[in-house]
Amino acid sequence: MYSSDTDSRILALSNWLKTQIKLDIQSLEPASSDASFRRYFRVIHAKGRHIIMDAPPDKENTEPFIRIAKLFANADLHVPSIEAINSDQGFLMLEDLGSTCLLDAINPSNADHIYQPALDSLFQLQTNVAVENCGLNQYDQPLLERELGIFSEWFLDKLLGINLPEAIKTQLHNLLIASALDQPQVCVHRDFHSRNLMILDSNSLGIIDFQDAVIGPISYDLVSLLRDCYIQWPMQQVEQWTHTYYQRLLSANLVSVEFAQFKRWFDLMGLQRHLKAVGIFARLHLRDGKSNYLADIPRTLSYVSEVSKSYPELSAFSQFLETTILPVYPSKL
């Protein structure tokens, strides 16, 4: 049994499970945490096992998770079923999808095999959720702009003490936002990567951490998966997977552009996401004391560098990155 008497949330959670849900608890242990204020616990009880979400109501809202879980389940995606809800205290009792995420299992020899159900699930998400009446927010210009600002504020300013020249920032933001808004708009998970895809006994995938889903660019989740902040693949392999998935979108009439245009969308969308991710990793370190995410910055910055060098429109930012940011970054950790 988890025994931290100083954690009132644990005591309240345990009391809810015992008195309201009537569970005969055998153990209650941390299962995981994420980049928000949510925590997850695995409860083993006389009738089985579940995951308990702890989302403090003053910091987190369980409503989007509940609503989007239903939306995704109706789209034939395997998300954790919700067995009990305590919105006042911020507790949810969820189906336990196990402890093995895609990142734990994937390697160069099995990547094609393991990525296939992930790409199948992504295709279901993009085809089975009707954007017109799903009730999700739009991934619009203000949101894209705010996310890009995380990189400047938390990574450049607060971690490195560097200011990105306004002219370079404006050019960069305008290019990335225009490319995102130019794409076909579909349901976007927004964190569709190897740590949020759980490998199930049936050799299928379960999907978690979907509460921030929006309607947004068609390339967003694909680049999240294939240019994952937590695992990196050779450029040629990524392009092959991207082209195969593009052909699938083309056949379904979800895109109507040449592959060169789709690849540009993919690259620039990845750049927007990776800049945001680097900023979030810095914020987790500086604000939240979650410094383990610092280890993922070099991999993520390598994506930023690679794409920035590939497009002439990004030459000013690429030069600033190579001459001013990258030389300073290691010394600030």
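Worth pointing out:
- Test: residue 244 is farther than 29 Å from residue 186 by Cβ, of a type in the set (Val, Ile, Thr) and at pLDDT 95 or above: no
- For segment 98-120, residues that are part of a loop (DSSP other than H, G, I, E, B) and either over 19 Å from residue 221 (Cβ atoms) or free of Cβ contacts under 8 Å to residues at least 24 places away in the same chain (or both) total 7.
- Entry remark, segment 287-333: residues being assigned to a helix (DSSP H, G or I) and either touching a residue at least 60 places away in the same chain (Cβ under 8 Å) or hydrophobic (A, V, I, L, M, F, W, C) (or both) number 23 in total.
- Qualifying residue in segment 246-260 (condition: out of contact with any Ser or Thr (no Cβ under 8 Å at 6 or more places or on another chain), among the acidic types (Asp, Glu), assigned by TED's automatic domain parsing to the domain that holds residue 296 and assigned to a helix (DSSP H, G or I)): no
- Residue tally, condition in contact (Cβ under 8 Å) with a residue 60 or more places away in the chain and not in a loop (DSSP other than H, G, I, E, B), over segment 227-239: 2
- Some residue of segment 277-294 being assigned by TED's automatic domain parsing to the domain that holds residue 325 and closer than 26 Å to residue 113 by Cα: no
- Of residues in segment 20-61 being surrounded by 14 or more Cβ atoms within 10 Å (Cβ to Cβ) and acidic (Asp, Glu), the one farthest from residue 89 (Cα to Cα): 34
- Condition met for residue 215 (touching a strand residue (DSSP E or B) at 6+ places or on another chain (Cβ under 6 Å) and among the β-branched types (Val, Ile, Thr)): yes
Per-residue answers, yes or no, for (1) in contact with a Ser or Thr (Cβ under 8 Å, 6 or more places away or on another chain); (2) not β-branched (Val, Ile, Thr):
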position	(1), (2)
90	yes, yes
95	yes, yes
99	no, yes
105	no, yes
117	yes, yes
120	no, yes
127	no, no
132	no, yes
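- Hey, residue 126 over 23 Å from residue 257 (Cα atoms) and not assigned by TED's automatic domain parsing to the domain that holds residue 78 or not: no
- Summed over segment 120-153, residues that are under 17 Å from the mean Cα position of the chain (by Cα) and surrounded by 17 or more Cβ atoms within 10 Å (Cβ to Cβ) total 11.
Residues checked against (1) among the polar types (S, T, N, Q); (2) more than 18 Å from the chain's Cα centre (by Cα); (3) over 14 Å from residue 183 (Cβ atoms):
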{"position": "237", "(1), (2), (3)": "yes, yes, yes"}
{"position": "252", "(1), (2), (3)": "no, yes, yes"}
{"position": "261", "(1), (2), (3)": "yes, yes, no"}
{"position": "264", "(1), (2), (3)": "no, yes, no"}
{"position": "268", "(1), (2), (3)": "no, no, no"}
{"position": "273", "(1), (2), (3)": "no, no, no"}
{"position": "276", "(1), (2), (3)": "no, no, yes"}
{"position": "279", "(1), (2), (3)": "no, no, yes"}
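The values are calculated or read from the model by the stated rules, or taken from the named source; none is laboratory data. Only a predicted model underlies this, so the values are computations on that prediction, with no experimental measurement involved. Cβ atoms come from the backbone with ideal geometry, glycine included; neighbour counts cover every protein chain shown.
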